[in-house]
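First up is the structure itself, then whatever we jot down about it.
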Amino acid sequence: MDTKKKGKGTSKQPSQALQQPPQAPEASQVTPPLPLPPETPVASQESKNQSSSTTQVAATIATTLSNSKRNDSMKQVHFTLQGKGGVGKSFISALLVQFIRGAGHQVTAVDTDPVNATLAGYKAFGTQRLELMEGGSLVERNFDRLIEQIVEEDSNFVIDNGAASFIPLSYYIAENDAFSIIGDNDKQVVIHTVVTGGQAMRDTLGGLATILEQMPGNARLIVWLNEFFGDIEADGKGFEEMKVYVNNKDRIHGIVRIARQTGSTFGEDVKLMLDRKLTFEEVNQSEDFKLMSKSRLTKVKNAIFEQLAVVL
């Protein structure tokens, strides 16, 4: 492998958190959330109190610890990681691919989900399929080859990982110091994880806690708040008031919100787009989506992409 520098892997003993994800911390009364970047508009209280989905989409805000913008000379490697399945990881990966392409950057999509290879179903992406698991165990040599590809190719990467491979893949990353090797070769690692409302909220908060404990500090961490299944709230407190955020906010580079949508309009449009594995561009060219559906999906796209422009 021809690289600029040789990363030096270190052997680490896996902590108990990898085998048994910790329980999500209870919400508590704590310090206020991060201030918004000066250039990010804040929705008025009146607009926040309105219940229409259009207003909810327009009011979504990204928060970030840094106002620094993307260095176009440094490629990024995006990993979607979460131990809970069915919470929107592949949707987030698809959004990332579209956003990076839309900004005029080269991007390689890789699907490592051993159960549901959703990202590979998007024909527009030309996604590479990588088998990481065999008989319930991680095939480390296959991940070795992925790391080598990441280092050698002059491209950004979006790597969608399944819930089944979350623990063994986390173990591999820690044991082999994989993110440091990528960083030593002038690429920025960005971890995307999901916290969702509803019944899966505690599980996804536990997955976030595991990532914060196990992943090295040299990787940027972006938390996606997916409100599709319900509000992300515990004991009357939102995510930015929960202990897992307050105790680790110096580790969290940014937050992106996917606003909850009205099921009969926005929700149905998004569901149809996801079921058919279409990009926003393909939707605009499709006769199956009529004028109002295209308009609503454009609002969804703009609300999320504006946030990504802040945090990436």
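The values are calculated or read from the model by the stated rules, or taken from the named source; none is laboratory data. As the structure is a computational prediction, the values presented were derived from the model and not from experiment. FYI the Cβ positions are ideal-geometry reconstructions off the backbone, even for glycines, and counts take in every protein chain you see.
Picking from residues in the range 207-226 that are surrounded by fewer than 20 Cβ atoms within 10 Å (Cβ to Cβ) and outside any loop (DSSP other than H, G, I, E, B), the one that is modelled with the lowest pLDDT is Gln214. Lys237 meets each of the listed conditions (1) within 20 Å of Gly102 (Cα to Cα); (2) modelled with pLDDT under 95 apart from (1). When Leu146, Leu119 are screened for being out of contact with any Pro (no Cβ under 7 Å at 6 or more places or on another chain), within 20 Å of Ile92 (Cβ to Cβ) and either in contact (Cβ under 8 Å) with a residue 60 or more places away in the chain or surrounded by 20 or more Cβ atoms within 10 Å (Cβ to Cβ) (or both), only Leu119 passes.
Just name the residue that is modelled with the lowest pLDDT out of those in the range 152-164 that are surrounded by fewer than 21 Cβ atoms within 10 Å (Cβ to Cβ) and in contact with an Asp or Glu (Cβ under 9 Å, 6 or more places away or on another chain). So the residue we want is Ala164. The requirement of being over 15 Å from Gly83 (Cα atoms) and aliphatic (A, V, I, L, M) is not satisfied by Ile167.
Residues being over 19 Å from the mean Cα position of the chain (by Cα) and either over 23 Å from Asn116 (Cα atoms) or buried (at least 19 other Cβ atoms within 10 Å of the Cβ) (or both) are represented in the range 186-204 by at least one member.
You will find that of Leu95, Leu132, the residue that is at pLDDT 95 or above, of a type in the set (A, V, I, L, M) and within 29 Å of Leu205 (Cα to Cα) is Leu95 and no other. Annotation note: of Asp275, Asp269, Asp231, the sole residue that is touching a Lys or Arg at 6+ places or on another chain (Cβ under 8 Å), closer than 23 Å to Ala117 by Cα and without any contact (Cβ under 8 Å) to a residue 40 or more places away in the chain is Asp269.
Filtering the range 267-298 to residues that are under 21 Å from the mean Cα position of the chain (by Cα), crowded, with 18+ Cβ neighbours inside 10 Å and part of a helix (DSSP H, G or I) leaves Val270, Met273, Phe280, Leu297.
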